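Peer 1: Please see the structure below; I have some questions.
The values are calculated or read from the model by the stated rules, or taken from the named source; none is laboratory data. Since the model is a prediction, treat every value here as computed from it, not as a measurement. Every residue, glycine as well, gets a Cβ built from its backbone with ideal geometry; the counts of neighbours run over all protein chains shown.
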Amino acid sequence: MKVKANYCDGITANFKVLEVSIGPSGLTLPSGEVWVYEKLKLIASSKLDGSVTYNNKDYDGPNLTLVFDKGIDDPARDYLKRFSSHLTGDSNWHFVRWQIVTTAVILCLMFCFYLGYPYLNRAIVSVIPNSWAIKAGNLVVDGLYNEYSSNACHSADGDYALEKLVETLEIEGLSYPLRVEVVDHQQVNALTAAGGRVVIFNGLITKATSADEVAGVLAHETGHVYYQHPLQGLINVLGFSIVGSFLGGDAASVAVVGLSLSYSRDLERMADEKALEILQDKKISAQGILDFFERTDKKEKNEIVAELEDIFSTHPLSKERINIFSKHIAENEIKGTSISALSAEEWESLQNICNESNE
Amino acid sequence: MPNVSEGISSVNENTQHSIKYVGEASMLLPIVIMNLFLTIVTFGIYRFWAKTNIRKYLWAQTQFDGEPFEYTGTGGELFMGAIIVFFVFILPLLIGIGVLSTNFPVLTPIIMIALYPLFVFLIGVAIYRAQVYRMSRTKWRAIRGAQLPRSAAYGWLTIKYAVLYFISLGLLMPYITCKMWNFMMDNKRFGSAVFRCEVKSKPLFKIWLVTYVAVIVLLGGFILVVSDAFITQNFPVIIGAYIFLFVATTVIFAWFQSKLYNHLISGLKFQDVGFEFDLEAFEFLKLSVVNTLLLVFTLGLAAPFVLQRWVRLFCENITINGQINFDLIVQSPESGPQFGEGLVEAFDLG
């Protein structure tokens, strides 16, 4: 079946009118050359006049527009459609297929990025100079003090007790010395900033019933310092949030939250494992940190609220955490062999570090 | 290259040139739905490919002398463009600002002030570079378009005219718009053929002055009415005043913009061919209002349809006077950049 076609050679902007034969394998040009259907790339299909325009994948340049006298219902157009509905643009399947393939590739790349990200993150952290990390940590802690209009608590005995606790827990392999401070705030928490700066909120010390409990928490924070997690967290913000929102726009925010939570939990798990290792090495019982978590767990709260808090928490799920500590104690600790992190007097001095500081 | 010397007739048309948009909402819908679904699945990353799909469709449905345009860009090129700009420009800039602010906190305000002209410059560069990419990926009758690579010059122009606009309190807007438009259009090519544009701003000043004064009068009246109504707690008057201000400014700007577009496009020349654009203010107003409502009520999902409506309006109102000698137009020597529009992504310029 023959049809009129406009041929553009890609050299000049004029076109030539040809008579093209529609055959079972392709379009035959007057010269006898066949543009096989597999090599045709549909550029445009007009629903108005039925015309279809193709490129030939074998050539970089020319295109061919088939012009149908009777428009969309031309018998030649129907004949062409028999060989593939994609040829007339009447079926979207060809388009859909490629979009699915593209999406699959994007998803694979995203998954690879997700898997490789922790390694990439650590590699970036390893090249950041310690002086930068210390400066960044100072900025964070100073900002915190400004926010709470407070400063680090100091008292002679309290400082001595805190120093002893830090010395007891200090381990080899830290990129920078630990610098631990207590801030006068009732929040039951402790945080680690980059550069080895650890801030314990006084509320945590008040809530604790023994020095071992505080030692357990401090061992956990030392774990963060050991792995340089605060810096990793900073890179994490750059990595997930900025790259994510830049490439994915607003839709990426949801993914970023999910990935950040997952990543933060991994870091917390690592810090927990390191804390258990430190406590065991220093012969301090992990019972302290276990008691502390059990007591501060959401017992008084509604179960559903507790579950939801767990899901959106940056820390590992409470139950999971308690199980790990219990298992460690059962497997590695022998009753009566552990030592106390501080003496009774030292513990009392630490408890009063902010009271004496205020006086 | 195939041999087509046999059995052919060479044609050099001698008819009125026409530009037509033949797309329909029903044809665009499946593409939009697919784009939306895949963008959600990939947490937004697919948007580069989605944008390309829409462009391919819009280009293909626009016909000049019955022949469709072709968009040859790919989603991968846009994605790579964004990645390159991020790692070569955004990330070093963020790190640089962070390091300087940390080590020299005194410099922080100076850095922030210095960033303003830099961003204005880069926005100009981004807009121009996007044209370089899009023109190089636009084909008609297998001939490529081109935008000459003069993005830095356009960036400087943007700074210069932004300062002028600010100093003149917006009064020199027609002059600035015409100068920017002339620069952009003068550097466009289709194959070996050149676009020329020498739009003068003088005819626009009267229209702009009327718009400017009308808006000032409206705002003054609005402030008087609303401040009185606030004192007396007369909420119906406050709401009425807001609605009146919105409607009146929309009408005034629609009138001005239709005149502006008519003037700008009518000053364009290609070879010896001139363009005429004759858009009625009411038609522009009607389309703008419907498009805004479409965007508002679909939370932006109707953006491709809105774009389609604009393209159709453009095609319906343009007239081409004169004959183009297509034999004289040969393939463009410019192949365009390898990747595109990363800076546009960085500044979210669409």
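Peer 1: Which one of the conditions (1) surrounded by 14 or more Cβ atoms within 10 Å (Cβ to Cβ); (2) outside the structural domain of A:Leu231 (by TED's automatic domain parsing) does A:Ser155 fail to meet, given that it meets all the rest?
Peer 2: Every listed condition holds for A:Ser155 apart from (2).
Peer 1: Right, another one. Could you go through region A:126-149 and let me know if any residue there is surrounded by 13 or more Cβ atoms within 10 Å (Cβ to Cβ), outside any helix (DSSP H, G or I) and in contact with a helix residue (DSSP H, G or I) (Cβ under 8 Å, 6 or more places away or on another chain).
Peer 2: Within region A:126-149, one or more residues are surrounded by 13 or more Cβ atoms within 10 Å (Cβ to Cβ), outside any helix (DSSP H, G or I) and in contact with a helix residue (DSSP H, G or I) (Cβ under 8 Å, 6 or more places away or on another chain).
Peer 1: So, one more: Quick check: is even one residue across region B:233-244 over 20 Å from the mean Cα position of the chain (by Cα) and either touching a residue at least 60 places away in the same chain (Cβ under 8 Å) or not in a helix (DSSP H, G or I) (or both)?
Peer 2: So far as region B:233-244 goes, yes, one or more of its residues are over 20 Å from the mean Cα position of the chain (by Cα) and either touching a residue at least 60 places away in the same chain (Cβ under 8 Å) or not in a helix (DSSP H, G or I) (or both).
Peer 1: If you don't mind, another one. Assuming B:Ala162 fulfils every condition listed in (1) loosely packed, with under 15 Cβ neighbours inside 10 Å; (2) away from chain A (no Cβ under 12 Å); (3) hydrophobic (A, V, I, L, M, F, W, C) apart from one, which condition is it?
Peer 2: In the conditions (1) loosely packed, with under 15 Cβ neighbours inside 10 Å; (2) away from chain A (no Cβ under 12 Å); (3) hydrophobic (A, V, I, L, M, F, W, C), B:Ala162 misses (1) alone.
Peer 1: Select from region B:58-78 the residues that are touching a Pro at 6+ places or on another chain (Cβ under 8 Å) and not hydrophobic (A, V, I, L, M, F, W, C) and list them in ascending order.
Peer 2: Selection gives B:Gln61, B:Thr62.
Peer 1: Go through region A:168-282 and tell me which helices (runs of 4 or more DSSP H), entirely inside it, have 1 or more residues that are modelled with pLDDT under 85.
Peer 2: Once the helices (runs of 4 or more DSSP H) in region A:168-282 are filtered for at least 1 residues that are modelled with pLDDT under 85, what remains is A:229-236, A:244-248, A:252-281.
Peer 1: Would you confirm, using the coordinates I've provided, whether A:Tyr79 is part of a strand (DSSP E or B) and either hydroxyl-bearing (Ser, Thr, Tyr) or within 22 Å of B:Gly66 (Cα to Cα) (or both)?
Peer 2: For A:Tyr79, the condition - part of a strand (DSSP E or B) and either hydroxyl-bearing (Ser, Thr, Tyr) or within 22 Å of B:Gly66 (Cα to Cα) (or both) - is not met.
Peer 1: I would also like to ask the following. Going through B:Leu122, B:Leu93 one at a time, which residue ends up being under 23 Å from A:Val243 (Cα atoms), surrounded by 13 or more Cβ atoms within 10 Å (Cβ to Cβ) and more than 14 Å from chain A (Cβ to nearest Cβ)?
Peer 2: Unique residue meeting the criteria: B:Leu122.
Peer 1: Out of all the residues in region A:19-52, which are outside any loop (DSSP other than H, G, I, E, B), within 7 Å of chain B (Cβ to nearest Cβ) and either without any contact (Cβ under 8 Å) to a residue 40 or more places away in the chain or on the phi > 0 side of the Ramachandran plot (or both)?
Peer 2: Within region A:19-52, A:Glu19, A:Ile43 meet the criteria.
Peer 1: Has region B:292-307 got at least one residue that is within 14 Å of chain A (Cβ to nearest Cβ) and either buried (at least 18 other Cβ atoms within 10 Å of the Cβ) or touching a residue at least 12 places away in the same chain (Cβ under 8 Å) (or both)?
Peer 2: yes
Peer 1: Could you say which residue among B:Phe284, B:Phe339 is within 20 Å of the chain's Cα centre (by Cα) and at pLDDT below 90?
Peer 2: Sole residue among the options that is within 20 Å of the chain's Cα centre (by Cα) and at pLDDT below 90: B:Phe339.
Peer 1: Are any residues in region A:1-18 touching a residue at least 60 places away in the same chain (Cβ under 8 Å) and either more than 22 Å from B:Asp327 (Cβ to Cβ) or surrounded by fewer than 19 Cβ atoms within 10 Å (Cβ to Cβ) (or both), and if so, which ones?
Peer 2: A:Met1, A:Lys2, A:Val3, A:Lys4
Peer 1: Which is touching a His at 6+ places or on another chain (Cβ under 9 Å) and under 21 Å from B:Lys200 (Cα atoms), of B:Phe277, B:Phe270, B:Phe253?
Peer 2: Checking each option against the conditions leaves just B:Phe277.
Peer 1: Failed condition for B:Asn53, given (1) within 11 Å of chain A (Cβ to nearest Cβ); (2) not in a helix (DSSP H, G or I), with all others met?
Peer 2: The number of the failed condition is (2).
Peer 1: Let me spell it out: the conditions are (1) facing another protein chain (nearest Cβ under 7 Å); (2) touching a residue at least 12 places away in the same chain (Cβ under 8 Å); (3) surrounded by fewer than 20 Cβ atoms within 10 Å (Cβ to Cβ), and B:Ile45 meets all of them except one. Which number is the exception?
Peer 2: (3)
Peer 1: Under 8 Å by Cβ, and 6 or more places apart or on different chains, what pairs join a residue from region B:66-90 that is at the interface with another protein chain (Cβ under 8 Å from one of its Cβ atoms) and among the aliphatic types (A, V, I, L, M) with one that is surrounded by fewer than 17 Cβ atoms within 10 Å (Cβ to Cβ) and assigned to a helix (DSSP H, G or I)?
Peer 2: B:Ile90/A:Ile242
Peer 1: Okay, moving on. Pairs needed: first member in region B:19-32, within 23 Å of B:Arg141 (Cα to Cα) and facing chain A (nearest Cβ under 9 Å); second member anywhere, among the small types (Gly, Ala, Ser) and not in a helix (DSSP H, G or I); C-beta distance under 8 Å; at least 6 residues apart or different chains.
Peer 2: Between residues of region B:19-32 that are within 23 Å of B:Arg141 (Cα to Cα) and facing chain A (nearest Cβ under 9 Å) and residues that are among the small types (Gly, Ala, Ser) and not in a helix (DSSP H, G or I), the close pairs are B:Lys20/B:Gly66; B:Val22/A:Ser46.
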